[in-house]
1. Amide H neighbours of Thr84 under 5 Å, at least 5 residues apart or on other chains, H built in the peptide plane: list them.
2. Using label points projected 7 Å from each Cα along Cα→Cβ, tell me how many nm separate Asn71 and Asp140, to one decimal.
3. Convert each backbone phi in the stretch 165-171 into a coupling constant with the Karplus relation 6.51 cos²θ - 1.76 cosθ + 1.60 (shift: θ = phi - 60°), then list the ³J(HN,Hα) values in order as whole Hz, x for Gly and Pro.
4. Summing -39500 (n - 2.57) over the DSSP H runs of n ≥ 4 in the chain and dividing by its residue number, what mean residue ellipticity at 222 nm do you reach, to the nearest 500 deg cm²/dmol?
5. For the stretch 69-118, just say rounded, prolate or oblate: build the C-alpha gyration tensor, square-root its eigenvalues into a ≥ b ≥ c, call rounded for a/c under 1.5, and beyond that prolate if a/b exceeds b/c, oblate if not.
6. Can you tell me, using C-alpha contacts under 8 Å and at least 6 residues apart, the relative contact order of the chain as a whole percent?
7. Between Phe205 and Phe278, what FRET efficiency follows from the Cβ-Cβ distance if R0 is 41 Å, with the result rounded to 0.05?
8. Order these peptides, 262-274, 243-255, by their mean beta-carbon neighbour count within 10 angstrom, highest first.
Amino acid sequence: MLEDSLTAPAPAPQPVTLKERAEGTAERTWHRFRRHRMAMVGMILIVLIVGLVAFAPWVTPYQPNEQEIRNRLQPPSVAHPLGTDELGRDVFARVLYGGRVSLTIGLAAMAVGMSVGTLVGAISGYVGGRTDAVIMRLVDVLIAFPTLFLLIMLASFLGSSLITIILVIGLLSWMRVARLVRASFLSVKERDFVTAAHALGCGHFQMIFRHLLPNSLGPIIVAATIDVSAAILTESALSYLGLGVQPPQATWGNMLRFAQEQMATAPWTAIAPGFMIFLVSIAINFIGDGLRDAFDPRQR
């Protein structure tokens, strides 16, 4: 018995499936992300802010456009935690409901920009040659234009509805993503598994969406987090200039616009939306830093 067990061949190792490999990679990435303290702080802040914004009707008893002229420009109190504005509206309620619009614009504009940028960058990096050269020269030309000037011009001509603002911001933010995806595709294309997939007769569609794009998701996800913050700041700038979402619908940007007249007498009307923009932007940047380190294979 002992002699048979010593001479018996060792069992063949079981092959690792793609699902198991993906789960292992995701677990290692999440472990590296959790070790980034500032990224976890950013994640907690974002979850808290999104929770307050999503459950605004249960957090505050006031409506964002509910006016009480007798209570105009009241300082923070128990009844109004962040005070009231020039029309007697509760600033805390307007910050929460305005956050819905600002965060929606940030996420939707990011989705538009990432979709266009990923598609253009994937075509440029995969096809290469003259197609790559033409696309990259077009990207260089678009990047050379001052983005804020284009945003102001397009917002003036196309209007300031929510959908228009999302499309304008998204369609003017895809160039950097395209260059990032192109660079990632050019790098991944040189790996051995891509050569093997070509040898096995893998089609173009399958090559892009099964092999190249999944191995480029790291930098794309990091860029997406940064683009959300950039889109929120851009919407705030447009609203501050009077070209964003128009009142009475509240956004953090147009709250700042109308609060500038009360800065000396009622600074809380500007501090509240300004602090929310700062808090969301820095929290998303912390998350982006954590994701960058988590997707870096050199991190252990």
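1. Leu73, Gln74, Val91
2. About 6.0 nm, to one decimal.
3. Result, rounded to whole Hz: 4, 4, 5, 4, 5, x, 7.
4. The helix-only estimate for the chain comes to -22000 deg cm²/dmol at 222 nm.
5. Prolate.
6. 26
7. Efficiency, from the Cβ-Cβ distance: 0.40.
8. By packing density, highest mean first, the sequence is 243-255, 262-274.
Laboratory data are not the source of any read-out in this text; all were calculated from the coordinates shown. These numbers come from a predicted model, not from an experiment. Note that we place each Cβ from the backbone using ideal geometry, even for glycine, and neighbour counts take in every protein chain shown.
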